[in-house]
Amino acid sequence: MHNYKELKIWKKSMDLVENIFQLIANFPDSEKYGLIYQIKRSAISVPSNIAEGAGRNSNKDFSRFLSISKGSLNELNTQLIISYRLNFIDSKVLDQLDDTINEIHKMIYKFNQGLDFK
């Protein structure tokens, strides 16, 4: 069992959630139940699954939740690309968020590689 609040991957993904919520505050109200909802859900899923996995009794279970977090990152990235294509965000914002998402992806991968599955 791991203390998720001390994990860099959890902290970095929590920062991402904050950034995402600040970003979508400027989205059109018409997207409240569409794209905004999907973006919120996928962003929140990343640190939530890290936390849930950290509370499991085995590293194998934890690894499964880390995999779900990576899937949520991919989903979030896709939604941000859609947001760019719909002109809700500009290319600079998309590039910055893409870099952050890729960084978290790599951090989760590296962390997962270090888990002992014995």
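The values are calculated or read from the model by the stated rules, or taken from the named source; none is laboratory data. These figures come from a predicted structure and were not determined experimentally. Cβ: placed from backbone, ideal geometry, glycine included. Neighbour counts: every protein chain shown. Side chains included, ligands, DNA and RNA excluded: accessible areas come from the protein's heavy atoms. Shrake-Rupley method; radii C 1.70, N 1.55, O 1.52, S 1.80 Å.
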message = Can you match Cα extents along the principal axes in Å to one of these, [x] 39, 35, 23; [y] 49, 24, 20; [z] 43, 32, 21, based on a calculation from the structure here?
response = [y]
query = Which net charge results when you count Lys and Arg as +1 and Asp and Glu as -1 among the other residues whose beta-carbon is under 13 Å from that of Ile81?
reply = -3
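Let me spell out the model: positive unit charges on the Cβ of Lys and Arg, negative unit charges on the Cβ of Asp and Glu, origin at the Cα centre of segment 1-89. What dipole size does that give, in debye rounded to 20? Walk me through the numbers on the way to the answer.
On the way: 12 positive and 8 negative charges, 54 e Å.
The calculated dipole for segment 1-89 is roughly 260 debye.
So, by mean Cβ neighbours within 10 angstrom, what's the order for 86-95, 14-23, 71-80 with the highest one leading?
On the way: 86-95: 12.9, 14-23: 15.6, 71-80: 18.6.
Per-residue Cβ counts within 10 Å, averaged per peptide and sorted highest first, yield 71-80, 14-23, 86-95.
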inquiry  = At 7 Å along Cα-to-Cβ for each site, give me the label-to-label distance between Asn57 and Lys8 in nm.
reply    = 3.2
key: Nearest 10 degrees, 0 to 90: helix 59-85 Cα axis against the chain principal axis   = 10
remark   = Sequence order, segment 93-102: Karplus ³J(HN,Hα) from phi using 6.51 cos²θ - 1.76 cosθ + 1.60, θ = phi - 60°, Hz rounded, Gly and Pro as x, gives 5, 4, 4, 5, 5, 4, 4, 5, 4, 4
note = Once Lys and Arg are counted +1 and Asp and Glu -1 for all other residues with Cβ under 12 Å from that of Ile108, the total becomes +4
Residue-averaged [θ]222 nm for the chain, counting only DSSP H segments that reach four residues, each worth -39500 (n - 2.57) = -25500 deg cm²/dmol
message = Need the full-extension length gain, Gln113 to Lys40, defined as separation in residues times 0.36 nm minus the C-alpha distance. One decimal, nm.
response = 23.5 nm
query = Separation between the Gln96 and Ser67 pseudo-spin-labels, each 7 Å from Cα along Cα→Cβ, expressed in nm?
reply = 3.4
ask   = Considering the dipole of segment 1-66 built from charges on the beta carbon (Lys and Arg +1, Asp and Glu -1) around the Cα centre, which of Gly34, Asn59, Gln22 is farthest to its positive end?
value = Asn59
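Once the piece of chain linking Asn19 and Ile82 is laid out straight, how much longer is it, given 0.36 nm per residue of separation minus the C-alpha distance between them? Write down the numbers at each step before the final one.
Values: separation 63, 0.36 × 63 = 22.68 nm, distance 1.73 nm.
Contour length minus Cα-Cα distance gives 21.0 nm.
When only C-alpha pairs under 8 Å and at least 6 residues apart count, what is the relative contact order of the chain, in percent? Walk me through the numbers on the way to the answer.
Values: 105 pairs, mean separation 34.0, N = 118.
Rounded, it is 29 percent for the chain.
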query = Share of segment 1-97's accessible area from carbon and sulfur, percent, 1.4 Å?
reply = 49
